[in-house]
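Since the structure comes first, as structure tokens, the remarks are kept for the end.
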Amino acid sequence: MTAKAQAAGALNLAQGFPNYPPPPDLTELAIRAIRDGYNQYAPTSGLPELRRLVAEHVQRHYGHTADPETEITITAGATEALFIALSAVTFPDDEVVLLEPCYDCYAPTIQLAGGIPIPVPLDEQKNFCVDWEMVKRRINRKTKAIVLNTPHNPTGSVLTEADMNALIAILQNNDIIVVSDEVYEHIVFDGVRHESVLRYPELAARSMMIGSFGKTLHVTGWKTGYVVAPPTYTTELRKHHSQTVFASATPFQKAIVDYFALRPNHTEGLRTFFQAKRDLFAEAMKQTRFTPYPVSGSYFQLYSYAGISDEPDTDFCDRLVKECGVAAIPVSAFYRDKTDHKLLRFCFAKEDAHLLEAAEKLSKL
Ligand SMILES: Cc1ncc(COP(=O)(O)O)c(C=O)c1O
């Protein structure tokens, strides 16, 4: 959709990345790191000072103690983190439960490792909450892992404490591993608490938690992420990391360390920053015929176009680019069987003027 948006000169609310600049201090620090000689390979598991920063972060936010030496790995973005986490634990014919719709890299990664993705639909009628009874029914002796994503892309839903307790109950009598994609961990709204697996000792002991500095610092192109996992999983996933990426980019790691020394409370500001964008876009979209879904976290907003058209969502998105000059993502792209609920995903990590202009264009439909 980004390519189509560029070709048509359309406003791109499709792909999940900001169109505003990152914090100026941060970019300066990256330049300084390069000038100061941080240009050679970092240790394969990441700069020790960045791993320590992640340890402090998970202690402060989730009360979880992680050893930077044996439990934290810096990766080339959350994408690599997900790849090595899933590759480390998935063997041929292992089943891995996915909650659909879901981010599109999970299933191919599982398949590359010879595993079988087992999709369980989120309940569209109930704002995409998890049907844990259904999850329970899909679990068997071959189930190796379950992938969580909270706050959730594409729906903007978040898992609650009740969800985490339901998961703990399901995992009581088996060895199922949790791969928890928490790249939007700091983007939660209306006073909602982010339920990291690391808050729950029973889950933390069997989970690989994945974060992304790209999302947290508005620098998706820096591709710097992390995995927090118990030592046995970390040993395994580091084998995949060292044979693929070996080490992620050194100057960005150094700049991130220096930035948090300068702005230790950066993450606290993200809620209000993105909530203001969510609300601005929602207000502006009232002039359109689209119907919103509630958003509790992430920087994505779902809209139904069922009241406007019954076209397949992919066709509708193509038409939106051509006729309105706005690009969105058809939600069927997040289902393996391409389930079409007549929903579009818009990314509101965009400049306010861009969001207002997009809503204005969409009101013509
Ligand atoms: C749910 C989810 N997981 C992982 C990623 C990838 O993160 P990164 O850019 O750090 O690789 C994204 C990016 O859009 C995402 O939305």
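The number of residues in the stretch 159-199 that are within 15 Å of the ligand (Cβ to nearest atom), farther than 25 Å from F91 by Cα and not in a loop (DSSP other than H, G, I, E, B) comes to 1. Is the stretch 337-352 home to any residue that is part of a helix (DSSP H, G or I) and either among the charged types (D, E, K, R) or under 20 Å from P18 (Cβ atoms) (or both)? Yes: the stretch 337-352 contains one or more residues that are part of a helix (DSSP H, G or I) and either among the charged types (D, E, K, R) or under 20 Å from P18 (Cβ atoms) (or both). Only a single item in (1) over 30 Å from L362 (Cβ atoms); (2) more than 15 Å from the ligand (Cβ to nearest atom) is not met by I256, and it is number (2).
Return yes or no: is Q6 surrounded by fewer than 23 Cβ atoms within 10 Å (Cβ to Cβ), not in a loop (DSSP other than H, G, I, E, B) and not assigned by TED's automatic domain parsing to the domain that holds V245? Criteria met by Q6.
Would it be correct to say that A276 is hydrophobic (A, V, I, L, M, F, W, C), more than 16 Å from the ligand (Cβ to nearest atom), free of Cβ contacts under 8 Å to residues at least 24 places away in the same chain and within 29 Å of R193 (Cβ to Cβ)? Criteria met by A276. Can you list residue pairs whose Cβ atoms sit under 8 Å apart, with the first residue in the stretch 172-184 being under 20 Å from L217 (Cα atoms) and the second being modelled with pLDDT under 95 and more than 15 Å from the ligand (Cβ to nearest atom)? Count only pairs 6 or more apart in sequence or on different chains. Within 8 Å, no pair qualifies. Residues in the stretch 63-77 that are more than 11 Å from the ligand (Cβ to nearest atom) and of a type in the set (S, T, Y): T65, T70, T73.
Residues in the stretch 78-129 that are in a loop (DSSP other than H, G, I, E, B) and either farther than 24 Å from N174 by Cβ or within 16 Å of the ligand (Cβ to nearest atom) (or both): P101, C102, Y103, D104, C105, L122, N127, F128.
For (1) small (G, A, S); (2) touching a His at 6+ places or on another chain (Cβ under 6 Å); (3) over 30 Å from D340 (Cβ atoms), each residue gets a yes or a no:
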position: A81; (1), (2), (3): yes, no, yes
position: I84; (1), (2), (3): no, yes, yes
position: V97; (1), (2), (3): no, no, no
position: A107; (1), (2), (3): yes, no, no
position: L112; (1), (2), (3): no, no, no
position: V120; (1), (2), (3): no, no, no
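Among what's in the stretch 9-29 and is crowded, with 17+ Cβ neighbours inside 10 Å and away from the ligand (no atom under 16 Å from the Cβ), pick the residue that is farthest from D318 (Cα to Cα). Step by step, filter the stretch 9-29, then rank; the result is L29.
The values are calculated or read from the model by the stated rules, or taken from the named source; none is laboratory data. Values in this document were obtained by computation on a predicted structure and should not be read as measured data. With ideal geometry, Cβ positions are generated from the backbone for all residues, glycine too; neighbour counts draw on all protein chains shown.
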